[in-house]
Every structure is written in C-alpha cells, then in structure tokens.
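Asker: The structure is given below, and queries will be raised subsequently.
The values are calculated or read from the model by the stated rules, or taken from the named source; none is laboratory data. None of the values given here were measured: they were computed from a predicted structure. Neighbour counts are summed over all protein chains in view; Cβ atoms, including those assigned to glycine, are modelled from backbone coordinates with ideal geometry.
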Amino acid sequence: MKKIILLNCCFILCSYLPAQNIFDLSAVPDNIKKNASVIKRSEEIVFEVKDIDNASYKVHQVLTILNENGKKNLFFLQHSNKFMRLVDVDIKLYDAFGKQTEKYKKKDLQFFGIGDGLIDDGKMNYINVIATNFPVTIEIEWEEQYSGTLFYPFYQVQEPDEGVIQSKFIAKVPKNLDLRYKEKNISLKPVITETTTGKVYEWSVSNLSPIAYEEGSVSFESRYPAILLAPNKFKMEDFEGDMTSWEKFGDWYYRLSRGMDNITDERKQFFNALVKDATTNRQKVKIIYEYLQKNFRYVSIQLGLGGYRPISAKFTDEKKYGDCKGLSNMMQTALSAVGIKSYQALINAEYNREPVDPAFPCNQFNHVILCVPQPKDTVWLECTSQTNDFGVLGSFTENRKALLITEKGGTLISTPESKPEHNTLYSYTLINLDADGSSIAKTRFTATGEYKQELNHFLLEEKQDDQKDYIINRLGFKMPDDFRIANKSSESIFSLEMEMAIRKVSELNTSTKMFLVPRLEKIWSRSLPKSENRSLDFYFRYPFIRTDTSVFKLPGVYKSDALPKAKQLQCKDASFKSEYWYNEKENAVYSTVTLVLNKNRINAADYAAIKKMFDEIQMDESQRIIIKKNSDGSLKPF
C-alpha cells in the first residue's frame, strides 16, 4: 500500500514539474528577457482558405506578461459581423508558479454594438483579464470563420517590447486561388509545400530579442516585423473580385457601388436650384459641399459588403446621416444631378499611416473620399467633416496614394500634401495686469485647417471642463480661474474670443518686483521623445504656423525692468522666432513668437535636430519678464 502511495506521489510530482517549467523565467534566454514587457513563449496561427468565400482563422498563443507595461495583452478584443464570426474562445490565466487562476470561454465575453445605435452593424467581443501581480501567463485559443475573403489576416511576427521564443504562421490555400505575400521590416521566406488540393505556406521564427517602442512613429501595422497576405481572387456575397492589380480591384468596387445613386427627381431639382446662380463648376461643387456639411452628419457604419458597399444615396438623403462611403456617395450623386463628374477614392486614412504599395495590391483601405477633376486643378473633398474648409483634405488623408474608382477600374493617384499655411493659429492676448499680480486677459483666435476644426470642437461644442482641459493642455495657457468663450466668426474668417480671469499671472512677487511668464500661452508645451538610437520617422499630426502676440498692460506703479532675450532658431523642417520690447508710452510689454513646422513627417536622420530645437523652444518659455515698482511708488503718468 505504501509503495502504491509513493508511486502515486512520484507520478503527481513528475507530471507537475514539466508544467511548472513552462512558467520558469530562469529558463528563458537573457536576450529575450532583457527590455521585454512580454514574452511570446509559443504561437501557432493557421489561416485556411477553403473556397473563394470560405475561410477559417485559428490562433493559439502562450504569453508571459512581465510587468504593467505588458497589460494590454490581457485585453481580448475581436470584431464580428455577418462576414466574420467568432466561433470559439478559450482563455486561461496562470500565476508565476504555473497555477491556473482564471478561465474564460466565449460565453463570458462582453460585447458592444457598432453603428452608433442607428443600425445593426456587428459587434465587438471583448474581455479584460485582470492581473494585479506579475509575472502572469495567459494562454489564448480562439477561432474565426470567414464567409467572405476580401480581408486576409496578416502575420504580426513581433510587437514592441516583446521577446519571442517561438512563433509560427501557416496559410493553406486551394491551388486555383493561391495567395500573395509581402514582407514588412523583416526578411522571412516561407516554406512552401504542395498537397493534392492546394498549397501550404509556413513562416516561423524563434529566439527574437525585443524591439524597442519608438513613440510618434508610423502606424502600428507598418512599424514592426510582419507578413502581409492578399488574395488573388475573392468573393463577398454575390460579388466576385480580382485583387491581382489595382485596376481589377477598383473594377470590383465600381460594380459593387453601382446603382447606389438613386435620389428622387424632386431632390435632383433641389440641387439644381441650389446652384442656379453659380457661374463655374467649382462654385457649384462648393455650394453643394457646404450644404451637405450643414445638413448631414457622420456616423460610423461598416455595413455592406465588408464595409465597402455604400448605403444608397436615397437612404442617406432621407436620414441625413452616413459613414464615409455613404456621404461620399451622396456628394457624388448630388454633383451628378447638376452635371458634374466625380469619383470616389479609397484611401488608408490617419496622419501617420504609410501609403499603400503600388507594387502590392492589397486591401489596406479604411476610408473613402471624393475627387472632382477640374480643367485647371482637382478638388478633393472630405465628406465626413462638418468643419473642413472646402477643397482641403487635411493630414488625415493628405500626401498618400488613393485608389480612384472609375468606369475603367481603379487607378492609384496621389492626394495633395498639406502646407504649413493650411493649418494656422494666430492669437492676440491683452493682459490687463493688476498690482497684486492678477489679471483679466482677453484673447482673440483666428484659425484655419486643423486648428479651426480643433477650436470649433473643443471650445464651442464641448462642456466647460473639457474646454478648460483643452485650453491648458493643448493650447498651453496658464490655468484660468474663470473663463468665457464667444464665437466671433464671419463667413470668411473663423475667429473666437476668450476672456479669462487669472488670480496669479506672476510667477514670483517681491516687495519691489514681479516676475511674469513671457506669454500666457505656451507656443509649444509637449516634450518630444528621445532622439538616441532613433530608427523610425517621427510624425507630428500636421504642419502648421502658430503665432502669438501678448501685450502685458502694466499697473501704473510698475514699469519694465528686464526682458527675455530674443531668440531665433531654425533647422531643416522648422523655424522659431521670439521678440520682446517695452512700450513706455503705453506702459506695456510686448511679446511675439512664431513657430513654423514645414512638414509633419520627419525623417529619422533629421529627428535629432528638430528634437533639439523644440527643447530650446521650451527653454524659451522658462524665461521671465521682470517688472519693478517706481522708486517713489507713485502712479506712472501717461
């Protein structure tokens, strides 16, 4: 009996030790652990295309989360709709000793609907696995079923701050379909084997040291090692397509959206009446665009064939809302009603997204805009914005490749590059300073482009707490005790007026002197990321011109004593200039500053120079205006 008990104990111990070793960090090579927040212990992904409109995607991962910085890997999130169904989920959490502490299945997931509550448009399935002590290990298995093959998944080989012990991606495709692939930031060829029915592609990696996160760089999918996959032929519902060329892919989208321009004759007459006094086509386009801006609103809808088929113009016209493709389709339909030709264009939108690769047709688009060719130029329209200036795209879609959808198929063309003068913010602040260091300050803003949109949203539409947060943290103003904002815009100029009560403008008071900030508004308050070992380009949100003039009207018993030094800085991609002077007649100190950023994408090789310049700009903000009392304490005559 004792022998049986002893043998059972040995069996239990032997079966426990291997499991425990899986979680033993001492067995992980130092090059994988060093500078890592996450260790990918094992990963196997199998993507299988069974037919032109049928595929499955299975993932099995084991990740060890070493610290708080890796907590995002404990959040599971997957989208599902009628083309992509989440079949099963199995999540287990283990502590540092390999003991299972949590277990979740698909039924435990939470979800929220997509479509702004206006339309049934799929849902996001998610669960946040909670861990308070680290390290922990999470094992995730999940499967998706595709009933359309427009979207092929890509293989994310490695994420930032992640060491990889072993990872494998397998793609199985029928012979008559095959696939195409492209390496991103890695040289990794697949092992290809042929079966009786198709091909099997297998990519695998092991023993990868962590890659450092570089703040402010290109969007995630272009930043780290990955393998992009794309179909040759695909199908969504009844629409088959070919993605082996941009022309053929554009032809598929053209066929998909055909017949969606079905507004009533009454509405066609309305649009013709709207533009009856316009003398040029450009004027007609502007009138219709501004009408839609005022009367239609954007909602996020991915409905349709994989988020690509627009809802009909009749629906959009009646409901007065739509997503990017719906509003672009509505604008195109309205222009067609007045005899103006335009083209929808697919684009990958966001200020730090890379343009698509002309040599690799692949569905990387997430947005639709409208192109209106004109005899002397081309008008580009962002139809989702209620505040964009006519004909100005902004950094969301500027300076990249768009797929123009025509009757002859798709063709890649470049969108215009925004200039600093497209995004301007001019501020003039009058600070009536009292002898106790308090002030009532009035600022007038005039703005264009991105600044106009920001000010319109954050200072006119948001609640007071959010307005205050924007004033302090984005515009860089000294914290007001109270403030009010008034819209002073005209038809041609966007302008706001802000009045602030500030209890203490001065930074320091002595019995005879007062030390003041050089201006109430910091022209630049953000510290840029470090420049050492920078390998990726850095992205500002947009190029800009920002100018401030601040006038300190001094109390009568004070006069200027010392002013900050004027400063002029310049590098390849930006310039800065500040000046200060005292107007004795007005008993006022003037402070002016101008900052110009020439482009939003800074090459990695040029980043150190612009980082140095912006650090010096922040140093300029630390200078002080010093004013002193008159020696006899009398009021200064004027």
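Asker: Can you tell me how many residues in region 376-435 are charged (D, E, K, R) and under 23 Å from Ile471 (Cβ atoms)? Spell out the reasoning first.
Answerer: Going residue by residue through region 376-435, those that are charged (D, E, K, R) are 376-377, 382, 389, 398, 400-401, 407-408, 417, 419, 421, 434.
Right, trim to under 23 Å from Ile471 (Cβ atoms) and you get 434.
So the count comes out to 1.
Asker: Would you be able to tell me the number of residues in region 427-458 that are within 23 Å of Thr592 (Cβ to Cβ) and either aliphatic (A, V, I, L, M) or surrounded by 18 or more Cβ atoms within 10 Å (Cβ to Cβ) (or both)?
Answerer: Here is the first cut: in region 427-458, the residues within 23 Å of Thr592 (Cβ to Cβ) are 427-433, 437, 439-452, 454-455.
Cutting the leftovers down to either aliphatic (A, V, I, L, M) or surrounded by 18 or more Cβ atoms within 10 Å (Cβ to Cβ) (or both) gives us 427, 429-431, 433, 437, 439-441, 443, 445-452, 454-455.
Final tally of qualifying residues: 20.
Asker: Among (1) assigned by TED's automatic domain parsing to the domain that holds Pro355; (2) under 21 Å from the mean Cα position of the chain (by Cα); (3) of a type in the set (Asp, Glu), where does Glu407 come up short?
Answerer: It is condition (2) that Glu407 fails.
Here is a yes/no grid of residues against (1) surrounded by fewer than 21 Cβ atoms within 10 Å (Cβ to Cβ); (2) touching a Lys or Arg at 6+ places or on another chain (Cβ under 7 Å); (3) in the same structural domain as Gly476 (by TED's automatic domain parsing):
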| residue | (1), (2), (3) |
| --- | --- |
| Tyr539 | yes, yes, yes |
| Thr549 | yes, no, yes |
| Phe552 | no, no, yes |
| Leu563 | yes, no, yes |
| Ala566 | yes, no, yes |
| Cys571 | yes, no, yes |
| Ala588 | yes, yes, yes |
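Asker: Those residues that are part of a helix (DSSP H, G or I), surrounded by fewer than 24 Cβ atoms within 10 Å (Cβ to Cβ) and at pLDDT below 95, I need them from region 319-354; list them, please.
Answerer: Matches in region 319-354: Lys319 only.
Asker: Out of Thr64, Thr137, Thr132, Thr101, I need the residue that is over 29 Å from Leu229 (Cα atoms), in contact with a helix residue (DSSP H, G or I) (Cβ under 9 Å, 6 or more places away or on another chain) and of a type in the set (S, T, N, Q). Which one?
Answerer: Only one candidate qualifies: Thr137.
Asker: Residues that are closer than 13 Å to Ile440 by Cα and in the same structural domain as Val593 (by TED's automatic domain parsing): which strands (runs of 3 or more DSSP E) entirely in region 470-528 hold 3 or more of them?
Answerer: The qualifying strands (runs of 3 or more DSSP E) are 482-487, 494-502.
Asker: For region 88-97, which residues satisfy the criterion of being of a type in the set (A, V, I, L, M, F, W, C) and in contact with a Phe, Trp or Tyr (Cβ under 8 Å, 6 or more places away or on another chain)?
Answerer: Answer for region 88-97, where residues must be of a type in the set (A, V, I, L, M, F, W, C) and in contact with a Phe, Trp or Tyr (Cβ under 8 Å, 6 or more places away or on another chain): Val89, Ile91, Ala96, Phe97.
Asker: Here's something else I'd like to know. Out of the residues in region 233-266 that are loosely packed, with under 13 Cβ neighbours inside 10 Å and either in contact with a Ser or Thr (Cβ under 7 Å, 6 or more places away or on another chain) or of a type in the set (S, T, N, Q) (or both), which is nearest to Arg180 (Cα to Cα)?
Answerer: Ser245
Asker: Please enumerate the residues belonging to region 443-469 that are among the polar types (S, T, N, Q), under 23 Å from Thr397 (Cβ atoms) and in a helix (DSSP H, G or I).
Answerer: Gln453, Asn456
Asker: Continuing with the same structure: If a residue has to be in contact with a helix residue (DSSP H, G or I) (Cβ under 8 Å, 6 or more places away or on another chain) and under 14 Å from Pro420 (Cβ atoms) to count, how many in region 573-598 make the cut?
Answerer: Total meeting the criteria: 7.
Asker: Would you confirm, using the coordinates I've provided, whether Asp357 is closer than 25 Å to Ile493 by Cα, among the acidic types (Asp, Glu) and not assigned by TED's automatic domain parsing to the domain that holds Phe477?
Answerer: On the way: closer than 25 Å to Ile493 by Cα: no; among the acidic types (Asp, Glu): yes; not assigned by TED's automatic domain parsing to the domain that holds Phe477: yes.
No.
Asker: So Ser209 ticks every box in (1) in contact with a Gly (Cβ under 8 Å, 6 or more places away or on another chain); (2) surrounded by 19 or more Cβ atoms within 10 Å (Cβ to Cβ) but one. Which box is left unticked?
Answerer: Exception for Ser209: condition (2).
Asker: While we're on this one: I'd like to verify a number: residues in region 207-224 that are at pLDDT 85 or above and over 22 Å from Ile165 (Cα atoms), how many?
Answerer: 4
Asker: Within region 605-627, which residues are over 15 Å from Lys522 (Cβ atoms) and not in a strand (DSSP E or B)? Before the answer, list the steps.
Answerer: Start the filter on region 605-627 by keeping residues that are over 15 Å from Lys522 (Cβ atoms), which leaves 605-613, 626-627.
If the condition is that a residue be over 15 Å from Lys522 (Cβ atoms) and not in a strand (DSSP E or B), then Ala605, Asp606, Tyr607, Ala608, Ala609, Ile610, Lys611, Lys612, Met613 are the ones that fit.
Residue-by-condition table, conditions (1) modelled with pLDDT under 95; (2) within 30 Å of Val557 (Cβ to Cβ):
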{"site": "Thr424", "(1), (2)": "no, no"}
{"site": "Tyr428", "(1), (2)": "no, yes"}
{"site": "Ser439", "(1), (2)": "yes, yes"}
{"site": "Thr448", "(1), (2)": "yes, no"}
{"site": "Gln464", "(1), (2)": "yes, no"}
{"site": "Ile472", "(1), (2)": "yes, no"}
{"site": "Lys478", "(1), (2)": "yes, yes"}
{"site": "Ser489", "(1), (2)": "yes, no"}
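Asker: If you scan region 179-229, which residues turn out to be polar (S, T, N, Q) and either outside the structural domain of Leu150 (by TED's automatic domain parsing) or touching a residue at least 60 places away in the same chain (Cβ under 8 Å) (or both)?
Answerer: The answer is Asn207, Ser209, Ser217, Ser219, Ser222.
Asker: When you scan region 523-537, do you find a residue that is surrounded by 21 or more Cβ atoms within 10 Å (Cβ to Cβ), at pLDDT 90 or above and more than 19 Å from Tyr607 (Cα to Cα), even just one?
Answerer: yes
Asker: Something else now. Can you tell me which residues in region 367-400 are assigned to a loop (DSSP other than H, G, I, E, B), out of contact with any Asp or Glu (no Cβ under 8 Å at 6 or more places or on another chain) and of a type in the set (S, T, N, Q)?
Answerer: Gln374, Ser385, Gln386, Thr387
Asker: Which pairs do you get when a residue that is aromatic (Phe, Trp, Tyr), found in region 439-450, comes within reach of a residue that is in a strand (DSSP E or B), reach meaning Cβ atoms under 6 angstrom, with the pair 6+ apart or on two chains?
Answerer: Final answer for the pair search is Phe445/Ser427; Phe445/Leu496.
Asker: Let me ask something else about it. Here's a check for you: in region 73-122, which residue that is buried (at least 16 other Cβ atoms within 10 Å of the Cβ), of a type in the set (A, V, I, L, M) and within 30 Å of Asp238 (Cβ to Cβ) is modelled with the lowest pLDDT?
Answerer: Ile119
Asker: I need the full set of residues from region 326-342 which are touching a residue at least 12 places away in the same chain (Cβ under 8 Å) and farther than 12 Å from Asp261 by Cα, in order please.
Answerer: Of everything in region 326-342, those that are touching a residue at least 12 places away in the same chain (Cβ under 8 Å) and farther than 12 Å from Asp261 by Cα turn out to be Val338, Ile340, Lys341, Ser342.
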